[in-house]
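The values are calculated or read from the model by the stated rules, or taken from the named source; none is laboratory data. For clarity, every value in this text was computed on a predicted model and none was experimentally measured. Cβ sites come from the backbone with ideal geometry, for glycine too, and all protein chains shown count toward neighbours.
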Amino acid sequence: MDYSQSYYELFGLTEKFDINQNALAARYQEFQKALHPDKYANASERERRISLQQAAHINSAFQTLKDPLARARYLLELHSIGLSDENKTIRDPEFLEQQMELREELAEIRHADDPMGSLIAFMQRLDLAIKSSIEQLRQHFAEVTDESLAQCQTLVYQLQFLYRLQQETEALEEELL
């Protein structure tokens with residue numbers, strides 16, 4: 001296994017945001033069969049260690065490529081666009097205002113007349129915002145210009161916020177149940 005290959009090369013995929021998830025999963029299954037621990041039960045310690053390293057590398061590649069946010073981060077990295085601190089402030093005042101409004105709304109759900117109904121409605125809107133951000137990433141990555149990649153960087157920061165908010169929402173849902 002060539003560890004210098006990109007994750008896309010490893011899985012035989014074209015280096016783009018939009019990927020065939022079925023082809024990714026099928027190739028992953030092939031790797032899993034080839035590297036299954038049973039195949040190395042009678043192998044030397046060194047061979048078992050190498051097999052484990054390869055499996056870890058493949059798992060990392062698979063997890064990165066199957067998740068839209070991780071895939072976007074990886075694509076930006078391949079284009080030498082760094083993503084510094086996840087808590088980086090986005091300079092988009094409209095999005096910052098949206099963040100504050102969403103956080104306030106989530107905080108108020110506990111005190112709503114129908115907390116679960118309010119939470120479900122909030123989760124649906126949040127899901128739409130995530131899907132919209134992913135669609136925007138898809139469109140901007142299709143161009144691969146300096147400007148479109150800068151837009152992708154901003155969208156990644158926004159999507160990171162939306163994912164964190166989604167986790168907080170799921171935690172509130174568990175609390176309310």
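Descriptive notes on the structure:
- Some residue of region 81-90 being of a type in the set (D, E, K, R), surrounded by fewer than 17 Cβ atoms within 10 Å (Cβ to Cβ) and more than 18 Å from the chain's Cα centre (by Cα): no
- Residue 34 outside the structural domain of residue 135 (by TED's automatic domain parsing), touching a Gly at 6+ places or on another chain (Cβ under 9 Å) and surrounded by 12 or more Cβ atoms within 10 Å (Cβ to Cβ): no
- Extreme residue, surrounded by the most Cβ atoms within 10 Å (Cβ to Cβ), among residues of region 122-160 that are under 26 Å from residue 171 (Cβ atoms) and out of contact with any helix residue (DSSP H, G or I) (no Cβ under 9 Å at 6 or more places or on another chain): 132
- Among the candidates 39, 16, 66, residue that is more than 23 Å from residue 157 (Cβ to Cβ), of a type in the set (Lys, Arg) and either assigned by TED's automatic domain parsing to the domain that holds residue 145 or surrounded by fewer than 15 Cβ atoms within 10 Å (Cβ to Cβ) (or both): 39
- Residue count, region 95-126 (criterion: in a helix (DSSP H, G or I) and in contact (Cβ under 8 Å) with a residue 12 or more places away in the chain): 13
- Where a residue in region 60-79 is among the small types (Gly, Ala, Ser) and its partner, wherever it lies, is surrounded by 14 or more Cβ atoms within 10 Å (Cβ to Cβ), with Cβ under 6 Å and at least six apart: 61/7; 61/10; 70/64; 72/137; 72/156
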